[in-house]
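Enquirer: Let me begin by handing over the structure; questions about it come next.
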Amino acid sequence: MKPTGPLPPAFARQRGALMIAGADAAALVGTHGSPLFVYDADAVAARVARFRATMPEAVGLHYAIKANPFTPLLSAIAPLVDGLDVASGGELERALAVKPAAAVSFAGPGKRDEELAAAIAAGATLNVESVGEARRALAVGARIGVAPRAAVRVNPDLELRGSGMKMGGRASPFGVDAEQAAAVVRLLIEGGAVWRGFHLFAGSQALDAAALIETQAATLALAARLAEEVGAAPPLVNLGGGFGVPYFAGDVALDVERVGVALGAALDRRADVLAGSDFALELGRWLVAEAGVYLTRVVDRKVSRGETFLVVDGGLHHQLAASGNFGTVVRRNYPIAVAGRMGAHGEEEVSVVGCLCTPLDRLGDRVLLPQADVGDVVAVFLAGAYGLTASPSAFLGHPAPAEIVIG
Ligand SMILES: *Cc1c(COP(=O)(O)O)cnc(C)c1O
């Protein structure tokens, strides 16, 4: 038997039928088909409210839409947050449909000239990733007769300790090395761009409040040092994000209250050069991961050499991360349950496998579940972030799952 991750609090106390935002999960599958992604808009709103209650007032909240760009969900989130961060021309279009351009910023390496032009023409902020991109943005702006709004994304000389994905303190395709950042700001200003400030992103999926606190303080100090070097105050300092969620056994939820108190103190003692700046955090998974559930029906139940398999009609083509093949070194089980039997005692050890013809397609590896049979619905939790759009949905040519927002 292998452990599973902790059920999100909204589901941990449920008994009997799995309810998502007051709706019976099995009934939703009956209506919308299987497999099905269900996103609870109330749960996302509650997360936003928690951010507002715990973070200093001076810190705005941006949603990094690559975590989940599903249009109805994005439409629900947009009015609740101060900005949307996008990472492609396609995401830019979706963001501009629901938010004014002044609240949209565009990060990511390898922006094509057409993408730069679309962002500049609309008035979105480019988070410039290199000196070459700064030059191309100025050239594109000159060609279309619009001054680019641009911040410089900095590849910091620090990294987020304990983060799932380290993105600072080393050679990187992301951002301008801190040593060169001031020069790129000057290049942008002299070239006629509207300088919007700095974007610093030091890592992702952090559950350790102390590590985040340390990183945020160091990030503020770095922004101040760079602003001194530029000789101008940045209008906005995007401090990155990195708030994680507990996916696996032993993971403990991030203490955001502690992070908020410490960030408030760090802002209170910030350098004078940042006195008039605005600040923002950009969050993806922390806002949406726990709000999503992936529901998939059992198609076959078989025993092979003593191991019981529940074969479901979904799989890694929809929910790659739960199969352990999206950025994890060791495969561990996401929280998983039989939707009709919440809170029931585990009765048997089973492996929940998807319908793809590859041994990688395993949603639950030797997990202890109550008895489930053909027709029952299995729920895989934490499916609200990096689910469908982070999965190889064309692989094997199965139909796309339905996605719905409720709540
Ligand atoms: C992906 C990304 C995020 C969101 O990361 P999460 O771990 O989902 O919070 C934030 N900022 C940037 C620059 C990103 O690339």
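The values are calculated or read from the model by the stated rules, or taken from the named source; none is laboratory data. As the structure is a computational prediction, the values presented were derived from the model and not from experiment. Here the Cβ is made from the backbone with ideal geometry for all residues, glycine too, and neighbour counts use every protein chain on show. Areas reflect the complete protein model, heavy atoms only, side chains present, ligands, DNA and RNA absent. Shrake-Rupley method; radii C 1.70, N 1.55, O 1.52, S 1.80 Å.
Enquirer: Given an 8 Å cut-off on Cα distances and at least 6 residues of separation, report the relative contact order of the chain as a percent.
Expert: Once normalised by length, the contact order is 22 percent.
Enquirer: Along Cα→Cβ, 7 Å out, is where each label goes; now give me the distance between the ones at Asp24 and Asp157 in nm to one decimal.
Expert: Taking the two extended label points, one gets 6.3 nm.
Enquirer: What nm value, rounded to one decimal, do you get for the distance between Lys2 and Ala232 when each label is placed 7 Å out toward the C-beta?
Expert: 5.3 nm
Enquirer: Something else: Could you provide, to the nearest whole Å², the per residue accessible area of region 329-407 with probe 1.4 Å? Write out the running numbers ahead of the final one.
Expert: Working: 3340 Å² over 79 residues.
Ligands and nucleic acids excluded, the figure is 42 Å² per residue.
Enquirer: Further question on the same structure: Find which of Ala262, Gly276, Tyr386 sits farthest along the positive direction of the dipole of region 230-388, computed with +1 on the beta-carbon of Lys and Arg, -1 on that of Asp and Glu, about the Cα centre.
Expert: Tyr386
Enquirer: Sticking with this one: Report the full-extension gain for the segment Asn325 to Asp373: residue separation times 0.36 nm, less the Cα-Cα distance, to one decimal in nm.
Expert: Roughly 14.6 nm would be gained on extension.
Enquirer: Which percentage, to the nearest 5, of the DSSP beta bridges contained in region 69-283 is antiparallel?
Expert: 10 percent
Enquirer: For a quick check: with amide H placed at 1.01 Å from N, whose amide H comes under 5 Å from Tyr334's, ignoring anything fewer than 5 positions away on the same chain?
Expert: Placed amide hydrogens put Gly5 under 5 Å from Tyr334.
Enquirer: Related question: Could you work out how much longer the chain between Arg225 and Asp278 gets when fully extended? Use 0.36 nm per residue separation minus the Cα distance between them, nm to one decimal.
Expert: 17.4 nm is the gain from fully extending Arg225 to Asp278.
Enquirer: Taking the Cβ-Cβ separation of Ile404 and Ala249 as r and a Förster radius of 22 Å, what is the calculated FRET efficiency to the nearest 0.05?
Expert: Calculated transfer efficiency: 0.15.
Enquirer: Just to be sure I follow the rule: in the chain, considering lysines 8 or more places apart or on different chains, how many pairs have Cα atoms under 20 Å apart? Intermediate values should be presented prior to the final figure.
Expert: On the way: Lys2/Lys302; Lys66/Lys99; Lys66/Lys111; Lys66/Lys166.
For the chain, qualifying lysine pairs total 4.
Enquirer: Taking only the alpha carbons of the chain, what extent do you get along each of the three principal axes, in Å, biggest first?
Expert: So the three principal-axis extents are 69, 43, 36 Å.
Enquirer: Additional query: Tell me, rounded to the nearest percent, the portion of alpha carbon pairs in region 69-283 spaced more than 27 Å apart.
Expert: When every Cα pair of region 69-283 is considered, 31 percent fall beyond 27 Å.
Enquirer: Keeping all protein chains in position, work out how much accessible area Met1 exposes to a 1.4 Å probe, and write it in Å² to the nearest 10.
Expert: Roll a 1.4 Å probe over it and Met1 shows about 130 Å².
Enquirer: Calculate the length of the line joining the C-alpha centroid of region 69-123 to that of region 254-326, in whole Å.
Expert: 21 Å
Enquirer: Test of understanding: what is the full-extension gain from Asp42 to Arg135, defined as 0.36 nm times their sequence separation minus their Cα-Cα distance? Write down the numbers at each step before the final one.
Expert: Details: separation 93, 0.36 × 93 = 33.48 nm, distance 4.31 nm.
Result: 29.2 nm gained on full extension.
Enquirer: Out of Val59, Gln371, Pro8, whose Cα points farthest toward the positive end of the dipole of the chain (charges: +1 Lys, Arg; -1 Asp, Glu; placed on Cβ)?
Expert: Farthest along the dipole direction, towards plus: Gln371.
Enquirer: Can you tell me the accessible area per residue over region 69-283, all protein chains present, probe 1.4 angstrom, in square angstrom?
Expert: Per residue, region 69-283 has an accessible area of 38 Å².
Enquirer: Follow-up question, since we're still on this one. Using a 1.4 Å probe over the heavy atoms of the protein chains, calculate the carbon and sulfur portion of the accessible area of the chain as a whole percent.
Expert: Of all accessible area on the chain, carbon and sulfur atoms account for 55 percent.
Enquirer: How big is the accessible area of Val353 in square angstrom, nearest 10, if you roll a 1.4 angstrom probe over the protein chains?
Expert: Around 20 Å² of this residue is reachable by solvent.
Enquirer: For region 382-398, in order, what is each residue's ³J(HN,Hα) by Karplus, 6.51 cos²θ - 1.76 cosθ + 1.60 with θ = phi - 60°, in whole Hz (x at glycine and Pro)?
Expert: Result, ordered by residue: 6, 9, x, 10, 6, x, 4, 6, 9, 10, x, 5, 7, 5, 6, x, 6 Hz.
Enquirer: Right, here's the next one. Which three semi-axes in whole Å describe the equivalent ellipsoid of region 362-407, each the square root of 5 times a Cα gyration tensor eigenvalue, listed largest first?
Expert: 22, 15, 13
Enquirer: Relative contact order of region 1-149: what whole-number percent is it, with Cα pairs under 8 angstrom and at least 6 residues apart?
Expert: 13 percent
Enquirer: Treating only the Cβ atoms of Lys and Arg (+1) and Asp and Glu (-1) as charged, compute the dipole magnitude of the chain about its Cα centre; round to the nearest 20 debye.
Expert: Details: 35 positive and 41 negative charges, 48 e Å.
Its charge dipole is roughly 220 debye.
Enquirer: Related question: Given +1 on the Cβ of Lys and Arg, -1 on the Cβ of Asp and Glu, and no further charges, what dipole in debye does region 162-317 carry about its Cα centre, rounded to the nearest 20?
Expert: 460 debye
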